[in-house]
Structures are given as structure tokens and as C-alpha cells.
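Here is the structure we will look at.
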Amino acid sequence: MKIAILSRNSRLYSTGRLVEAGEQRGHEMHVIDTLKCYMDITSAKPAIWYKGERLEGFDAVIPRIGSSITSYGTAVIRQFEMMGVYCLTESVALGRSRDKLRSLQLLSRKAIGMPNTGFAHHVDNTKDLIKMVGGAPLVVKLLQGTQGRGVVLAETQKAAESVIDAFRELRADFLVQEFIKEAGGSDVRCFVIGTKVVAAMERTAQAGEFRSNLHRGGSAALTRLTPTERKTAVVAAQTMGLKVSGVDILRSERGPLVMEVNSSPGLEGIEAATGKDVAGAIIEYIEDNAKPNQTRTRGKG
Ligand code: ADP
């Protein structure tokens with residue numbers, strides 16, 4: 001198959017591993033810089049151009065879209081979809097997953113466990129909002145934040161009110177969430193492909209920190225999931241419509257609670273912690289699910 005990886009940098013671990021895994025299985029792999037794609041959206045035959053040439057004959061696209069280029073990246077994926085090319089992450093699913101509020105609303109509709117969460121616009125609601133999620137300690141999260149930046153633990157009611165006021169002053173969008181103390185600074189990243197969790201790691205925050213992000217100095221280790229955790233991760237991924245995702249779960253007294261479903265989960269941490277060939281599993285999934293590009297099939301005809 002001829003497979004495109006939409007990625008800004010071919011030297012990134014995840015991009016490199018996908019190229020390697022694809023080539024090992026005999027596929028033609030192309031790394032395409034998302035921001036350098038330009039599109040012809042006026043003609044009846046939708047097209048994408050890249051470095052002066054029309055992109056043609058692709059059977060599948062693996063989008064690896066960074067959060068800073070979500071909007072343009074979504075448009076590029078949508079254009080591939082209009083060209084009839086199989087996209088591992090669909091444009092609609094990417095858009096959904098990048099909107100934290102929308103994601104949590106969708107997950108809650110499916111009765112998937114999650115920390116009690118609230119959001120509000122008006123200052124008059126601050127005290128009520130804090131009460132709604134069970135009072136301090138609580139977590140305040142910027143909607144735009146990634147890698148643990150913009151996630152604040154407010155240990156007292158006063159601290160919570162101050163943080164909320166400060167975010168409001170900055171006109172930042174945020175949500176307020178129950179703090180899951182018993183998670184003990186750990187969370188679980190479940191790597192879901194299709195309807196299976198193919199690898200899972202427990203990430204633990206460094207001493208004095210509650211955020212377990214590897215970018216914040218957290219460490220990762222292989223973990224065994226309970227059947228409930230496994231099921232929760234798969235249902236969360238399906239709810240978002242993602243065929244490949246990283247579902248982050250907090251282990252709480254009332255069972256697994258989903259924090260986030262990531263649409264471009266990194267491969268480095270999970271492959272290192274679990275020793276699994278996750279890149280290979282992604283390529284296998286594409287082999288099983290992508291229909292060959294129709295224009296190519298016709299051409300061979
Ligand atoms: P980001 O998307 O920026 O990584 P997260 O919402 O995943 O932000 O939060 C970062 C980390 O903070 C999580 O991995 C987890 O360890 C911790 N954390 C986040 N929310 C909670 C919570 N409600 N209770 C306990 N710990 C939390």
C-alpha cells in the first residue's frame with residue numbers, strides 16, 4: 001500500500017517508527033508535512049498539492065496532527081477524505097477530541113466514568129461551581145492546555161476561587177474538576193487500536209507533583225488492566241470515533257475515570273514501557289481495514 005503520514009517532522013520518534021513498521025511490511029511510506037499541503041477545493045475533483053506536485057494514489061493516511069495546528073490539519077484530512085482516501089483518524093473525530101468540553105459531554109452521555117466536572121462563564125457562578133464538583137481540593141484545567149501545562153491543583157476553597165478568578169481575568173476557557181486523590185499522582189494510558197487495548201502503562205508523577213505527564217518528569221511502567229478498565233478505554237475510544245487513541249484513566253475508588261482521549265498518542269513512552277510493537281499494530285490495523293484507493297484500483301482496471 002502507499003501510505004502517507006501527516007507529520008511536521010520525520011525525525012519524531014512516532015513518525016520514524018511508523019515509517020519503519022510500514023516499510024518492514026512492504027508498504028510505500030511517505031512523510032508529508034501537513035502545513036506544506038495546499039488544496040484545490042474549487043474543482044469537482046478535490047486535490048491536494050505538495051511541493052509542486054499533486055498527491056495521488058494514496059491508499060491510507062495516518063494523521064499525526066499537533067494540537068497547535070488542529071484547524072489546518074483537520075482541513076487537510078477532510079480533503080483526503082473527499083478524495084476517497086482512507087484516513088486512520090477521521091477529521092470529525094479529530095475535531096471532537098481536541099475540544100475538551102465536547103469530549104467530556106460526549107463521554108458522559110455514554111455513562112463512561114469521569115471525574116465530576118463543571119464549567120461556567122460568569123463570575124457569579126464561581127462558588128456554586130466549586131460546590132458542584134464537591135469543593136476543594138479540586139483541579140482547574142485550561143481547555144487549551146496540553147502536557148499538563150495549565151492543570152492546577154487548588155487545595156483550599158480560597159485557592160480555588162483565586163485560580164478561577166485569575167483564569168477569568170485572562171479570559172481563558174477552563175473547567176473545574178473533582179480531584180481524585182486516591183489516584184496518588186498516577187494515571188493509566190491505554191493505547192487503543194480498533195476495539196482492543198494493545199498496550200497500557202501506568203504513569204507516576206515525580207515526588208511533590210500530582211501531574212503524571214512524562215513531560216512533567218513522570219515515570220512509566222507496564223501495568224495490567226482490569227476488565228472494567230479495558231472496557232472503559234475501548235468504549236471511550238469508540239465514543240470519540242477514534243480508531244487509534246490514547247485513553248487516559250484515573251484509578252479511583254469508584255472505578256476507572258476517563259480524563260481524556262488523545263487522538264495523536266505518542267509511541268515512544270508506550271513502546272519503551274511495554275516493549276510492544278505498537279507502530280506495527282497500527283500498520284496491521286490499516287492493512288485489515290483500509291480499502292485500496294479507488295482511483296488506483298480503477299487505474300489498474
Ligand atoms: P493534559 O491534557 O494537559 O495532559 P490532563 O487533564 O491529562 O492534562 O492532566 C495532567 C495530569 O494531571 C494527569 O495525567 C493526571 O496525572 C493529573 N490529573 C488531571 N486531572 C486530575 C484529577 N481530576 N484528579 C487527579 N489528578 C488529575
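The values are calculated or read from the model by the stated rules, or taken from the named source; none is laboratory data. All values derive from a computational prediction rather than experimental measurement. Cβ sites come from the backbone with ideal geometry, for glycine too, and all protein chains shown count toward neighbours.
Scanning for something over 26 Å from Met132 (Cβ atoms), in contact (Cβ under 8 Å) with a residue 12 or more places away in the chain and more than 14 Å from the ligand (Cβ to nearest atom), does segment 203-221 turn up at least one residue? Yes, segment 203-221 contains at least one residue that is over 26 Å from Met132 (Cβ atoms), in contact (Cβ under 8 Å) with a residue 12 or more places away in the chain and more than 14 Å from the ligand (Cβ to nearest atom). For the residues Gly255, Gly266, Gly241, the requirement of being farther than 30 Å from Gln206 by Cβ and out of contact with any strand residue (DSSP E or B) (no Cβ under 7 Å at 6 or more places or on another chain) singles out Gly241. When segment 1-43 is filtered for residues that are over 28 Å from Ala272 (Cβ atoms) and either in a loop (DSSP other than H, G, I, E, B) or not charged (D, E, K, R) (or both), the ones remaining, listed by number, are Leu35, Cys37, Tyr38, Met39, Ile41, Thr42, Ser43.
Going through segment 49-72 one residue at a time, which ones are outside any strand (DSSP E or B) and either over 17 Å from Val261 (Cβ atoms) or over 14 Å from the mean Cα position of the chain (by Cα) (or both)? Spell out how you get there, then give the answer.
First pass over segment 49-72, keeping only residues outside any strand (DSSP E or B): 51-52, 55-59, 64-72.
Lys51, Gly52, Leu55, Glu56, Gly57, Phe58, Asp59, Ser68, Ile69, Ser71, Tyr72 - these are the residues of segment 49-72 that are outside any strand (DSSP E or B) and either over 17 Å from Val261 (Cβ atoms) or over 14 Å from the mean Cα position of the chain (by Cα) (or both).
Selection of segment 8-31 for residues being in contact (Cβ under 8 Å) with a residue 40 or more places away in the chain and either closer than 17 Å to Ala60 by Cβ or surrounded by 18 or more Cβ atoms within 10 Å (Cβ to Cβ) (or both) yields Arg8, Leu12, Ser14, Thr15, Arg17, Leu18, Glu20, Ala21, Gly22, Gln24, Arg25, His27. Under the condition of being over 14 Å from Ala183 (Cβ atoms), touching a residue at least 12 places away in the same chain (Cβ under 8 Å) and charged (D, E, K, R), the residues counted in segment 230-265 number 2. Scanning segment 243-270 for residues being of a type in the set (Gly, Ala, Ser), within 16 Å of the chain's Cα centre (by Cα) and not in a loop (DSSP other than H, G, I, E, B) gives a total of 3.
Test of understanding: among Ala233, Ala273, which residue is crowded, with 22+ Cβ neighbours inside 10 Å, touching a strand residue (DSSP E or B) at 6+ places or on another chain (Cβ under 6 Å) and not in a strand (DSSP E or B)?
Residue meeting the stated conditions: Ala233.
Screening Val176, Val235, Val197 for residues that are under 20 Å from Ile112 (Cα atoms), touching a Ser or Thr at 6+ places or on another chain (Cβ under 9 Å) and more than 9 Å from the ligand (Cβ to nearest atom) leaves exactly one candidate, Val176. Considering only residues in segment 91-109 that are touching a helix residue (DSSP H, G or I) at 6+ places or on another chain (Cβ under 9 Å) and surrounded by 20 or more Cβ atoms within 10 Å (Cβ to Cβ), the one that is farthest from Arg8 (Cα to Cα) turns out to be Leu107. For the condition touching a residue at least 24 places away in the same chain (Cβ under 8 Å), assigned to a helix (DSSP H, G or I) and within 21 Å of Ile112 (Cα to Cα), Ala281 does not qualify. Of the strands (runs of 3 or more DSSP E) entirely within segment 110-216, those holding at least 1 residues that are surrounded by 14 or more Cβ atoms within 10 Å (Cβ to Cβ) and at pLDDT below 95 occupy 138-142, 151-154, 174-178. Apart from one condition, Glu182 fits all of (1) away from the ligand (no atom under 11 Å from the Cβ); (2) touching a residue at least 24 places away in the same chain (Cβ under 8 Å); (3) of a type in the set (D, E, K, R); the exception is (1).
With respect to the numbered conditions (1) within 16 Å of the ligand (Cβ to nearest atom); (2) within 24 Å of Asp288 (Cβ to Cβ); (3) without any contact (Cβ under 8 Å) to a residue 40 or more places away in the chain, which one is the sole condition not fulfilled by Phe191? The number of the failed condition is (3).
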